[in-house]
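These notes are about the structure you will find just below.
The values are calculated or read from the model by the stated rules, or taken from the named source; none is laboratory data. This structure is a prediction, so every number in the text was calculated from the model and none was measured. Every residue, glycine as well, gets a Cβ built from its backbone with ideal geometry; the counts of neighbours run over all protein chains shown.
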Amino acid sequence: MEERVYRIRAHHGMCLAFFEGKGYSSEFTEHMAQVQKLLEKNPAVCITAEVDMICSHCPNRQGGICTAAGKVLEYDRQVLLRCGIHEGTIMPFLAFDGLVRDRILLTGGREEICGDCQWTELCRRKDREQGTCEDKSREE
Ligand code: SF4
């Protein structure tokens, strides 16, 4: 039997790392929690810059596209670039997750990529709690 490959848009690697049960709607967050659980089993994922399995339950997905497409496409582009992969790359989810953590979250790059996202405060707090990124203010 052929193994299923799940589509994950690149910037959702960051959203998944910091997800704590909050989101655009209860349907969205319930589905996101299920996706997170599924991905912990390390299936193959295809990294995309289009709507994915997380978008499928988002109220911002209209007519098959994201209403914030311009903004999130740039997030995707940045994640692909920093992880050194391209759209369409297929890899085990945990390998992708590792790239996102090592090359973006641990270097403080998240703020540069999606600091204008409506959820950024939540991720900033988790950054601090988990010590994922260096607190640059302490170095000054
Ligand atoms: S806001 Fe856009 S990119 Fe984010 S989950 Fe919703 S449809 Fe997908």
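When ILE85 is tested against (1) aliphatic (A, V, I, L, M); (2) over 13 Å from the mean Cα position of the chain (by Cα); (3) farther than 16 Å from ILE8 by Cα, only condition (3) is not met.
In this entry, LYS41 passes the filter for residues that are of a type in the set (D, E, K, R), over 13 Å from the mean Cα position of the chain (by Cα), over 14 Å from CYS15 (Cα atoms) and outside any strand (DSSP E or B). Of note, ILE47 satisfies the criterion of being more than 13 Å from the ligand (Cβ to nearest atom), of a type in the set (A, V, I, L, M, F, W, C) and touching a Lys or Arg at 6+ places or on another chain (Cβ under 9 Å).
Within the stretch 9-21, residues that are over 12 Å from ALA33 (Cα atoms) and assigned to a loop (DSSP other than H, G, I, E, B) sit with their Cβ atoms under 6 Å from residues that are among the hydroxyl-bearing types (Ser, Thr, Tyr) and within 11 Å of the ligand (Cβ to nearest atom), at 6+ positions apart or across chains, in these pairs: HIS11/TYR75. Here HIS31 meets each of (1) under 15 Å from the mean Cα position of the chain (by Cα); (2) at pLDDT 95 or above; (3) closer than 15 Å to GLY13 by Cα with one exception, condition (3). Taken over the stretch 77-91, the criterion of being polar (S, T, N, Q) and either closer than 21 Å to LEU106 by Cα or in contact with a Pro (Cβ under 7 Å, 6 or more places away or on another chain) (or both) is satisfied by GLN78 alone.
Could you tell me which residue of the stretch 24-69 is surrounded by the fewest Cβ atoms within 10 Å (Cβ to Cβ), considering only residues that are on the phi > 0 side of the Ramachandran plot and free of Cβ contacts under 8 Å to residues at least 40 places away in the same chain? Even if it seems obvious, please write down each step before you answer.
Going through the stretch 24-69, the residues on the phi > 0 side of the Ramachandran plot turn out to be 42, 63-64.
From what is left, the residues that are free of Cβ contacts under 8 Å to residues at least 40 places away in the same chain are 63-64.
On the way: GLY63: 5, GLY64: 8.
Only one residue tops the list, namely GLY63.
Within the stretch 54-82, restricting attention to residues that are under 12 Å from the mean Cα position of the chain (by Cα) and either at pLDDT below 95 or β-branched (Val, Ile, Thr) (or both), which residue is farthest from HIS31 (Cα to Cα)? Among those that are under 12 Å from the mean Cα position of the chain (by Cα) and either at pLDDT below 95 or β-branched (Val, Ile, Thr) (or both), it is VAL79. The set of residues in the stretch 54-83 that are near the ligand (Cβ under 10 Å from one of its atoms) and touching a Phe, Trp or Tyr at 6+ places or on another chain (Cβ under 9 Å) comprises ILE54, HIS57, CYS58, PRO59, ASN60. Taken over the stretch 82-100, the criterion of being in a helix (DSSP H, G or I) and crowded, with 16+ Cβ neighbours inside 10 Å is satisfied by ARG82, CYS83, PHE93, PHE96, ASP97, LEU99, VAL100.
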